[in-house]
1. Roughly how many nanometres apart are two label points built 7 Å out from the Cα toward the Cβ at residue 22 and residue 91?
2. Which whole-number percentage describes the relative contact order of the stretch 26-93, with Cα contacts under 8 Å and a sequence gap of 6 or more?
3. Taking R0 as 25 Å, what's the FRET efficiency between residue 105 and residue 50 from their Cβ-Cβ distance, rounded to 0.05?
4. Can you bin the stretch 26-93 into rounded, prolate or oblate? Criterion: square roots of the alpha carbon gyration tensor eigenvalues sorted a ≥ b ≥ c, rounded for a/c under 1.5, prolate for a/b above b/c, oblate for the rest.
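What follows draws every value from the coordinates through simple rules; no lab data is involved. None of these values were measured; they are calculated from a predicted model. Because the Cβ atoms are built from the backbone with ideal geometry, glycine has one as well, and the counts that use them run over all protein chains shown.
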C-alpha cells in the first residue's frame, strides 16, 4: 500500500475549496450587514430627506467586496478578496445627493480673563 502525496493541482484545489467555504460564511455575514445598512439608510432618508454619505460609501464598498467574493467563488479570478487584497474603495454616488450638515458656528471667545 503506497501513500501517494497529493499532486500540486489537487492540493491547490483543496486549499481553494477551504477558502471558498470560508468566504461563503463571510458572504452570509456580509449579506446581513448590507441588509442592515439598507434598512438604516432608508430610515435615515425618511427622517432627513437625503441619504447618509457614510452609509452610502460603506454600502458601496461592502457590495464591491461581496462581488469580489462572487468572482473568486465562481473561478473568475484567483485573487482572494479582503483581507488578502485591499478593501474596495467607495465610488462616487450616482443617485441622490447625500445629506450634509453645516458646520456648527463657534461662539466668539472673550479673551479677557474672568474673575
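1. The modelled label-to-label distance comes out at 2.9 nm.
2. 29 percent
3. Working: r = 22 Å, r/R0 = 0.87.
E(calc), rounded to 0.05, equals 0.70.
4. Because a/c hits 1.5 or more and a/b exceeds b/c, the stretch 26-93 counts as prolate.
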